[in-house]
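Here's the structure, in structure tokens; my notes come after.
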Amino acid sequence: MWDKLALILLVIGGINWGLVGIFELDLVAWMFGGAASVLSRLIYILVALSAVWCISFLFRDHATVRSEA
């Protein structure tokens, strides 16, 4: 469950960065009242934490992950 949530947040962050790079549009900031708003900052923090969590995917034993699924 935590892995899927982390991946979802990471995809949201990746799409947001893509929009920033291509269209100069920060969708999270636009939706939640600017980049400095509390809600936007909370989303940025959650995306960053999910990225740190997903680093563990690189070091996991893939056979164990498949058997748990």
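Quick rundown of the values:
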item	result
Hits in the range 6-22 - residues which are loosely packed, with under 15 Cβ neighbours inside 10 Å and small (Gly, Ala, Ser)	GLY14, GLY18, GLY21
Scan of the range 32-44 for residues that are hydrophobic (A, V, I, L, M, F, W, C) and part of a helix (DSSP H, G or I), ordered by number	VAL38, LEU39, LEU42, ILE43
Subset of the range 23-64 that is loosely packed, with under 12 Cβ neighbours inside 10 Å and among the acidic types (Asp, Glu) - its residue that is nearest to ALA6 (Cα to Cα)	ASP61
Selected residue [touching a helix residue (DSSP H, G or I) at 6+ places or on another chain (Cβ under 6 Å), modelled with pLDDT of 95 or more and assigned to a helix (DSSP H, G or I)] from ALA48, ALA29	ALA29
Given (1) surrounded by fewer than 12 Cβ atoms within 10 Å (Cβ to Cβ); (2) modelled with pLDDT of 95 or more; (3) not hydrophobic (A, V, I, L, M, F, W, C), number of the condition SER67 does not satisfy	(2)
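The values are calculated or read from the model by the stated rules, or taken from the named source; none is laboratory data. Quick caveat, the model's predicted, so the values are computed rather than measured. Glycine also receives a Cβ, built like all others from the backbone with ideal geometry; neighbour counts cover every protein chain displayed.
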